[in-house]
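Heads up, the thing below is written out as structure tokens.
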Amino acid sequence: MTGYRLSSGGLVDRSKTLSFTFDGRPLRGFAGDTLASALLANDQLLVGRSFKYHRPRGIVSAGPSEPNALVTIGSGARSDANTKATVAELYGGLTAKSQNRWPSLGFDVGAVNGALSPFLGAGFYYKTFMWPKQFWERVYEPFIRRAAGLGRAVLERDPESYEKSWAFCDLLVVGAGPAGLMAALTAGRAGLRVIVADEDFRLGGSLLSTSETIDGVPASVFADRAVAELQALPNVTLLSRTTVFGWYDDNVFGAVERVQKHVAEPSSKLVSERVWRIVAKRALLATGAEERPLVFGGNDRPGVMMAGAMTTYAERYGVSAGKQVAIFTSGSAGYRTARALAAKGVTIAAIVDARAEAVDQAPDGVRVIRSASVVDTKGRQRLKGIVIERSGFEELIACDALGMSGGFSPVVHLACQRGAKPVWSEELKAFIAPDVGGGLRPVGSANGVHTLSGCLSDGVDKAAKIAADLGFRAASDSAPVVDREETSSFTALWYVPGAKSKAFVDFQNDVHAKDLGLALREGFGHVEHAKRYTTNGMATDQGKLSNINAVGILAGMRGVSPADVGTTTFRPFYTPVSFGALAGTARDEHAAPARKSPLHGWAMKNGATFVEAGLWHRSAWFPRAGEKTWRDSVDREVLNVRANVGLCDVSTLGKIEVFGPDAAEFLNRLYCNPMLKLPVGKARYGLMLREDGFVFDDGTVSRLDEAHFFVTTTTAMAGPVMAHMEYCAQALWPALEVRFTSSTDQWAQMAIAGPKARAVLQQIVDGDISDGAFPFLSVRKIVLKSGVSARLFRISFSGELAFELAVPAGYGEAVADQIMEAGRPHDICAYGVEALNVLRLEKGLLTHAEFDGRVTPDDAGLGRMLSMQKTDFIGKRLSTRYGLTAADRMQLVGLKPVDADKDMRAGAHILKEGTKPSTLNDQGWVSSAGFSPVLGHAIALAFLKSGRERYGEKVVVFDKLRDQEIVAEVCDPVFVDPQNAKLKA
Amino acid sequence: MASLITCPHCGVRPKEEFAIRGDASRGRPEPMDSDEAWHDYVYVRANPRGRTQEHWHHVAGCRRFLVVERDTATHEVYSVVDAAEFALRATR
Amino acid sequence: MRYSAFSIVRNALSGNLNWKPQWRQPQPKSHYDVIIIGGGGHGLSTAYYLAKEFGVKNVAVLEKGYLGSGNVGRNTTIVRSNYMLPGNEPFYEFSMKLWEGLEQDLNYNVMLSQRGVIMLYHSDAQRDAYVRRGNAMWMEGVAAELIEREQLKKMIPFLNYDHARYPILGGLLQRRAGTARHDAVAWGYARGADRHGVDIIEHCEVTGIRRENGVVTGVETTKGFIGCGKLALAAAGNSSRVGEMADLKLPLESHVLQAFVTEGLKPCIDHVIVYGGGHFYISQSDKGGLVFGAEIDGYSSYAQRGNLATAEHVMEEGVTMIPGLSRVRVLRAWGGVMDMSMDGSPIIDRTSIDNLYLNCGWCYGGFKATPASGYCFAHLIARNDTHPVARALRLDRFARGYAVDEAGAGPQPNLH
């Protein structure tokens, strides 16, 4: 034996040495080691400090329930804090650091908390830190906060990638131990599509940690053969390093596969982790059973370990937990560990058995002390001895490791994630899985089966039954034969009386038995209260080792059965899952899809600056040489449209084609203004309400044919309007003969606006588009001179003579180029949404800055559009409620600064002159504001109480957020060309 | 239910393809019905713990509104029908 | 037992064996002046203020599970008063002020931590909406700050400034906002109410509401009939079920909202940060866990658990806002049942039935409202008069056309 590595044995590959570091110290292990087994082999038992008292802590388990051995693996942006050393696969070049200690693991200043522990009992913070009042925020909390947490998150950009995948199967087997493997074999041979998921990097579960033999071969060989057979079956998928973390509705399981967390230099071609959503017709929970710690004085001393973990370290990793090992047990499992270690030449100091009688076989020559308890432990950073008590006599037994075993609890976590609580079994002295129907059944030791042969046959039987249920025929093979069967029995022992020092229940959160007593004393005896008051079970292990003992202790103190105490709620995730894995590829620029207009290329060519608008990237303005700020560009674009002509991409507006004999009737019910008699070849502005009478969206409705309408929506509401129309057509008025489809992506649509718009357009359009032939609000299907079919609309969002031209998306860029070319002699410019916004603001036209979901048509000055003569339209009935028609509602007005140099910004509120700011005095708010290059000063649209009666009044525009208050005059919201002379030119 | 919905048109599809609008149990009143009927239609919900009918929209699929009858406590789904069929059945 | 430095030392020296239950476990009396249904935050704070501020001490709180088993014990612990509408802001600011004195008032440390809530904006339109909100706060005398991008970078350097799908342009900050220890709020109010004589009766489910001549006279419970002068509902996600016992038709849908916590980490996030490109919000508890959540799952549900698709979406938003969260591991997810109202705002009002009072519709914002909700509800119950800051929160606002629609989303609860 070198260090604690046994001279032979184990499933590690002794020919492959791996170098790694722990707190900077270079160490070596073997391929097949976990970090924990390699640390143990190197005599590095002390691996962490506890949360509250900073007590030295050692490795306790050999699996995912580990509360103590949490380390940070990797460095910089590749750091993984709080990684359990017991499941971390060792690789060459691994760097691990201990956590929650300063300045070092061996000497930690925080350990002073232990001395203060009488003051730091459960819930102490609720009773203190209140005096004087200001001290909590300034002194106490910053102090407490500094002590928070264990590992450190670097919060740097993660260099790894992640992905998600769906999988479908007849049978999902969670866990590849004896029961799981046999179930998978049985189902796989019968032809079911089977997925086997196991969190370990090597499949086999407890078969890898036992000296038993199956069908004449060592259990680990049996496991390897089973895995090999499963691998060869095309209908079976084996997912190792894959933790099933959640069970969701419809028998869908969430699982995370650690694809390359076990390599020093991850390949950029592979993801780091992959989340699976597995849809399973049936699932078997073959998750095994968890050994229970014993709650005795000093049970957190490094060197005190689960007996089963000791067996695993010895059998699987060839590592002894100590050189002189004692066992403290309330069942046969402790003897099994003693035999396993003794067989490998490890000295067994004693077996301390809490039971008075037992038939279990101790190794030859090993002292067995029955009816005895461990009441204290000696040593500081490594166990040196245990104090046992028997019949009132104490004895010190020297040892450097202590294996403890308090019985077993089936791992039923997943089965309890959807509301059903685990059920107490008096026979098994454990909480077992509730009956959650046929979709998910426990099997093997997760089902309370204690023997290996029982687990194997349970796997066969359950899988055969499922195969039959699903119409497959399983071969009637009997389960393999276990040659030297270990037996298993235990007495439940929740708390070991007589503790001479703290007896910990939750190691990580430093909850000891007295804390539970205090909780009960203070009225927190309900299991959920006890958990929340003491924090028992709330650490990173979620109480995998501590919860059941806490229940037992509470039951004992309350004098009831554990059944009456019950458990706390099991919730996802079975073990913690990274943000990255769950987010998959949806991050950064890929967090949401990007939509680009068919004219995006045209805008790029013209030098556009783009802005995100929902999913869209829209051209915002088109800077030219010499322009210093965006305002320079926008002012130029606006003035050019007003004086000459401009081209704006409006393709992002929602576009919907509506067909059918009832199309007119349908639209008439959708919009609050009349649509029934809209003539063919005409467009109309339309206003849609929600059923509660407030404005939902606006747009244009064009009638292309008797039974063909074309509807536009705002960019933002294109999706919701489409959904709303579908709802109305399908759920409200299914008898109407109407069909519609979105054509937003099918059309490139451009606005050509300005006094010279017609002159430009006429060059590429066949046919007469003079005002006489094609007056305002005309619509026509046309053919361009180039032969492209198009639609032409005489509509305007700028107040100028304007057309909107729609061409099939693929022709968009070419047609836009053509228009720019044709417009060159007329000084055409490209203009973006910023200029569009100023143009509409000058005309008092509205967007969703105004229609904020709380505005009625009348608020917006559009009350005349409400066609109350119509029998019905969406929103009609509720729009007449008192609150929607009250005279003091806020109404749309214009604002102009009294001092023309002053700026106004959207979001400001409005006060009467001479009044103090208060919610009561609040008169309204500014919805849109900007600089009007035409007028040469700022203008704004605002909603003002009874605003239309207040034109001419001076008000204060209150923008405290920007420390600005100016006086403005209330005016009509149309600032430019109120007669619409330009529009109708 | 919260993972998969069986669309009568598209088959079993994941939840994220759907948008949920809400209660489907109450029909839209006639134009001349009482203020109370309209108020209740727009604002009041039975909100049962148990069996309920809800409009789900297969946004990323067939774009049909469906009426999903299901249990709000267990999330068990009893039936999924097309909303138009559901509405026509109700008026018949 | 009053908590003081002295009591802590004295008890520590006597092995902490002399602490008393923080509230009694009384048997129900046959009659109370006021019965409150719901032993969560709002029910307990109502009882506390009834007894302490309004002199109504013959009060029982009936809780079907364990005390605080509803949303008060399963939220993301955020307290703030950064609302926009005049119907809301005064109410939530009243609540904020009560929070600021709560620990001294209750003699219980609820660990109020005013670390600031910042809501990020990602477009000019969103900035304008937040400016409108910030100015509305100032109107009520509540300090708000607009933090521009460069300042934000210094304040919170780890946000996704360079690769966000929706660029992070700035944020609206309320410094006085923050978090509080949720369970402690329930326990502190319970202890306070108990000390003023209120009977808190756990594991007592109301199964019926008895009315005589149209007047409520008491409740049937799993512990028998209990008479009352006035009956107050504070049943959150179960309001519709309790209301149904009195034939009340309520403007509510119950929805599930998930929340999450990560493994404990050394302090790394100081503020409560709210993502404007979605619904994600995050803060770090004094224990080190990052506590976060986002939108509701979307369907009506009474199950206190959520679905994976929504959970994944929450993580997507989180990593998009803070790329460095990618390797942080999420420890636990849970679900609360939200009483979503038709305008996203709560209801504190009388009902059409004499002696029956209603407190519901808290959507996913009930925790921060706990003090004001209890105070205003107690005011209403004791004086039969609406507290001035709760005047906009009446039940008949929908019929009258005065919805308090902070999101402007209309009567579809899952859009609020």
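The values are calculated or read from the model by the stated rules, or taken from the named source; none is laboratory data. Computed from a predicted structure; not experimentally measured. In this analysis, Cβ positions are derived from the backbone assuming ideal geometry, glycine residues included, and neighbour counts consider all displayed protein chains. Ligands, DNA and RNA are stripped out before the accessible areas are found, and what is left, the full protein with its side chains, is counted by its heavy atoms. Shrake-Rupley method; radii C 1.70, N 1.55, O 1.52, S 1.80 Å.
The table below lists the values:
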item: Cβ charges +1 (Lys, Arg) and -1 (Asp, Glu), total dipole of region A:1-159, debye; result: 380
item: Fraction of alpha-carbon pairs over 24 Å apart in region A:435-572 - percent; result: 49
item: Chain A - percent of accessible surface contributed by carbon and sulfur, probe 1.4 Å; result: 53
item: Highest average packing first - C:32-41, C:264-273, A:451-460, C:3-12, Cβ atoms within 10 Å; result: C:32-41, A:451-460, C:264-273, C:3-12
item: Test item: Cα-centred dipole of the protein assembly as shown, Lys/Arg +1 and Asp/Glu -1 on Cβ, debye; result: 2360
item: Positive dipole terminus of chain C, leading residue within C:MET84, C:SER7, C:TRP99 (C-beta point charges); result: C:SER7
item: Pairwise burial C:A, computed as accessible area of each alone minus the pair, summed, 1.4 Å, Å²; result: 10200
item: Burial order of peptide ranges A:568-576, A:541-549 (average beta-carbon count within 10 Å, highest first); result: A:541-549, A:568-576
item: Debye, to nearest 20: dipole size of region A:503-565, +1 on Lys, Arg Cβ, -1 on Asp, Glu Cβ; result: 100
item: Acute angle (nearest 10 degrees) that the helix A:630-643 long axis makes with the longest principal axis of chain A, alpha-carbon atoms; result: 30
item: Antiparallel bridges, percent of DSSP beta bridges restricted to the protein assembly as shown (to nearest 5); result: 75
item: Crossing angle, helix A:833-842 versus chain A [Cα axis fit, 0-90 degrees, rounded to tens]; result: 50
item: Helix-only mean residue ellipticity at 222 nm for the protein assembly as shown, each DSSP H run of n ≥ 4 adding -39500 (n - 2.57), per residue, nearest 500; result: -6500 deg cm²/dmol
item: Average other protein chain Cβ within 10 Å of Cβ, residues C:403-413; result: 6
item: Those lysines that a straight Cα-Cα span of less than 19 Å connects to A:LYS429, excepting residues fewer than 8 apart in one chain; result: A:LYS421, A:LYS544
item: Angle between chain A longest axis and helix A:718-727 axis [Cα atoms, degrees, rounded to 10]; result: 80
item: Of all accessible heavy-atom area on chain C, the percent that carbon and sulfur account for (1.4 Å); result: 50
item: Area accessible to solvent at C:LYS249, 1.4 Å probe radius, in Å²; result: 110
item: Qualifying aspartates and glutamates (Cα of each under 15 Å from Cα of A:LYS281; at least 8 residues distant if same chain); result: A:ASP170, A:ASP249, A:ASP250, A:ASP469
item: A:ASP827 accessible area, assembled protein chains, probe 1.4 Å, Å²; result: 90
item: Long-range lysine pairs (8 or more apart or interchain), chain C, Cα under 16 Å; result: 7
item: Rounded Å value of the spacing that divides the Cα centres of region C:380-407 and region A:325-385; result: 69
item: Set of lysines with alpha-carbon distance to A:LYS269 below 25 Å, sequence-local pairs under 8 removed; result: A:LYS164, A:LYS261
item: Residue-normalised accessible area of chain A, expressed per residue, 1.4 Å probe, Å²; result: 36
item: Kirkwood-Stokes translational diffusion coefficient of chain A, alpha-carbon pairs, 20 °C, 1.002 mPa s, µm²/s; result: 63
item: Positive-end extreme of charge dipole, region A:1-159 - chosen from A:ALA81, A:TRP136, A:LEU120 (charges on Cβ); result: A:TRP136
item: Within 10 Å of each Cβ in A:516-528, the average number of Cβ atoms from other chains; result: 5
item: Non-local Lys pairs in region A:887-971, i.e. 8 or more apart or on different chains, that have alpha carbons under 19 Å apart; result: 14
item: Burial ranking of peptide ranges C:123-129, A:408-414 (average Cβ count within 10 Å, highest at the top); result: A:408-414, C:123-129
